[in-house]
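The values are calculated or read from the model by the stated rules, or taken from the named source; none is laboratory data. Every value quoted in this text rests on a predicted model; they were computed, and no experiment measured them. As a convention, Cβ positions derive from the backbone with ideal geometry for all residues, glycine included, and neighbour counts pool all protein chains shown. We work out accessible area using only protein heavy atoms, side chains counted, and drop any ligands, DNA or RNA first. Shrake-Rupley method; radii C 1.70, N 1.55, O 1.52, S 1.80 Å.
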Amino acid sequence: MPLIATGLNHRSADVELRERVSFSPDALPEALSELVTLPRVEEGLIVSTCNRTDIYTVGGQPEEIREWVARTRRVAARDFAAHSYVKEGDAAAHHALRVACGLDSMVLGETQILGQMKDAWQLARKGGVLGPVLERLFQHAFGTAKVVRHSTALGAGQVSVASSAARIAGEIFGSLKNLNVLVLGAGDTAELMVRYLLGLGQPRITIANRSLDRAQQLARQYDAAACSLDAVHQFVGAADVIVGCITIDRPFLSRRELKAATGSRKRKPVLMLDLGVPRNFATDVAEDPDVFLYGVDDLQSRVDAGTAGREAAATEAERIVDARTREFAQWLSSRQLDLGLSSLELSWREHLNDLNQRALARLQAGDDPADVLQRLQNNTLQRLLHEPRRHIREMPAEQRGRAVQSIQRVFRLDDNDDTPPHS
């Protein structure tokens with residue numbers, strides 16, 4: 001069964017398509033269950049973040065997987081095909097390792113993606129759709145990320161989308177001391193934003209989340225206020241910075257809603273940092289001259305000053321990834337060989353058991369033992385050689401010679417030296 005990675009990322013598709021293709025956390029369990037019902041798909045795993053959606057499978061056909069994604073996410077098949085990639089075998093493994101190390105991220109070397117891949121791996125495990133190949137691949141990817149982190153400077157001066165967004169806040173306001181910050185969401189990205197923003201001068205932070213308990217839990221850690229999403233609009237009017245980190249089906253805040261909440265303010269700038277995919281804020285909010293709106297794609301040009309230093313480290317990281325990809329490829333090749341030989345052994349055992357039963361029956365009937373053994377030997381050879389002989393005869397003439405030579409090499413029939421081979 002082939003290893004396949006199908007997906008799109010910030011390089012292959014714009015944010016509009018990425019947000020349409022992304023799977024919300026609530027939708028992932030059902031999507032995983034449906035994925036492994038596709039023809040010949042034996043294992044499945046989906047990594048869906050703000051900048052990528054990658055579908056890993058063992059087995060299946062790339063075009064059928066692409067069609068499934070388009071149908072499931074309700075996007076035109078031609079649009080998804082035009083902006084997605086398909087990687088198979090070693091290339092799929094190489095892709096997974098690069099992603100885990102942050103080498104394929106918008107911000108080079110960021111580590112948030114590793115946590116997101118671990119979440120995807122755990123969800124696939126819980127859903128019972130993770131088999132031995134994807135289990136080994138992702139464990140290998142996590143191990144590779146650890147090696148890269150400890151063996152190179154790729155993680156030095158680490159940045160993420162969250163830290164880049166916080167840097168923008170610092171550039172616009174200088175210090176955030178005594179400013180009001182509203183953070184939508186209470187997940188990992190939201191927590192990173194809270195940490196980074198607190199480092200810019202101790203602003204007054206309010207955390208809004210669907211689950212008020214989760215918002216309160218995070219707020220207690222950082223001496224912030226908390227509210228539910230249903231009550232968030234009463235805090236919008238006073239906010240100097242609004243950060244969107246929630247997963248939603250449509251924009252949470254439009255220009256009209258923002259205007260209604262901030263109408264009493266007199267030309268006071270509002271920074272809106274949209275880290276959500278799908279987007280948390282409607283694009284029309286930027287039409288207000290007092291609003292500074294930055295989305296995930298805008299952050300591509302806002303990477304940390306340490307990026308240049310990480311470029312050199314990335315070269316060494318790529319070498320590590322290449323070497324570790326070869327290790328995984330060797331394991332996969334050995335596994336495929338073992339499975340193939342196990343299937344061959346099982347088939348031969350079935351034939352031999354059948355022939356042995358027939359030979360025993362003839363012995364019990366009083367047939368001559370020497371004759372029974374001779375017939376058993378002949379029948380065994382005929383039975384075991386029947387399928388290989390038929391298969392080779394059906395091959396094109398130019399392939400038959402190579403097939404016979406391969407068989408001779410496998411069974412060492414072309415070795416005229418009687419000396420035992422070196423171990």
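Within segment 179-199, the set of residues being modelled with pLDDT under 90 and either more than 27 Å from the chain's Cα centre (by Cα) or of a type in the set (S, T, N, Q) (or both) comprises Thr189, Gly199.
Residues in segment 149-178 that are modelled with pLDDT under 85 and of a type in the set (Val, Ile, Thr): Val159, Val161. For Thr262, the requirement of being without any contact (Cβ under 8 Å) to a residue 40 or more places away in the chain and of a type in the set (S, T, N, Q) is met.
Condition check ((1) modelled with pLDDT of 95 or more; (2) touching a helix residue (DSSP H, G or I) at 6+ places or on another chain (Cβ under 6 Å); (3) farther than 16 Å from Leu35 by Cβ; (4) not aliphatic (A, V, I, L, M)) across all residues:
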residue	(1), (2), (3), (4)
Asp54	yes, no, no, yes
Gln61	yes, no, no, yes
Ala91	yes, no, yes, no
His140	yes, yes, yes, yes
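Taking the conditions (1) farther than 16 Å from His94 by Cα; (2) buried (at least 24 other Cβ atoms within 10 Å of the Cβ) in turn, Thr57 satisfies each one other than (1).
More than 30 Å from Arg20 (Cα to Cα), at pLDDT below 95, more than 35 Å from the chain's Cα centre (by Cα) and open to solvent by 30 Å² or more (accessible area, probe 1.4 Å), is that true of Gln202? Judged against the criteria, Gln202 is a match. For segment 22-48, filtered to residues that are in a loop (DSSP other than H, G, I, E, B) and open to solvent by less than 20 Å² (accessible area, probe 1.4 Å), the residue that is modelled with the highest pLDDT is Val41.
Criterion applied to Ala208, Ala190 was being crowded, with 21+ Cβ neighbours inside 10 Å and part of a strand (DSSP E or B), and the one residue passing it is Ala208.
Please tell me if Leu218 is in contact with a Lys or Arg (Cβ under 9 Å, 6 or more places away or on another chain) and not small (Gly, Ala, Ser). No, not satisfied. Looking across segment 241-257, the residues that are within 21 Å of Ala215 (Cβ to Cβ) and open to solvent by less than 50 Å² (accessible area, probe 1.4 Å) come down to Val241, Ile242, Val243, Gly244, Cys245, Ile246, Ile248, Phe252, Leu253.
Determine if segment 247-265 includes at least one residue that is on the phi > 0 side of the Ramachandran plot and either at pLDDT 95 or above or out of contact with any Leu (no Cβ under 8 Å at 6 or more places or on another chain) (or both). Checked segment 247-265: no residue is on the phi > 0 side of the Ramachandran plot and either at pLDDT 95 or above or out of contact with any Leu (no Cβ under 8 Å at 6 or more places or on another chain) (or both).
Determine whether Asp223 is surrounded by fewer than 22 Cβ atoms within 10 Å (Cβ to Cβ), on the phi > 0 side of the Ramachandran plot and either at pLDDT below 95 or not aromatic (Phe, Trp, Tyr) (or both). Considered against the rule, which asks whether it is surrounded by fewer than 22 Cβ atoms within 10 Å (Cβ to Cβ), on the phi > 0 side of the Ramachandran plot and either at pLDDT below 95 or not aromatic (Phe, Trp, Tyr) (or both), Asp223 comes out as yes. Considering the conditions (1) free of Cβ contacts under 8 Å to residues at least 60 places away in the same chain; (2) assigned to a loop (DSSP other than H, G, I, E, B), Ala81 is excluded by exactly one of them, (2). There is at least one residue in segment 387-396 that is of a type outside the set (Val, Ile, Thr), at pLDDT 80 or above, outside any helix (DSSP H, G or I) and open to solvent by 90 Å² or more (accessible area, probe 1.4 Å). The set of residues from segment 267-301 being open to solvent by less than 10 Å² (accessible area, probe 1.4 Å) and assigned to a helix (DSSP H, G or I) comprises Val285, Leu299.
Regarding segment 5-21, can at least one residue be identified that is part of a strand (DSSP E or B), surrounded by 22 or more Cβ atoms within 10 Å (Cβ to Cβ), in contact with a helix residue (DSSP H, G or I) (Cβ under 7 Å, 6 or more places away or on another chain) and of a type in the set (Val, Ile, Thr)? The answer is yes; a qualifying residue exists.
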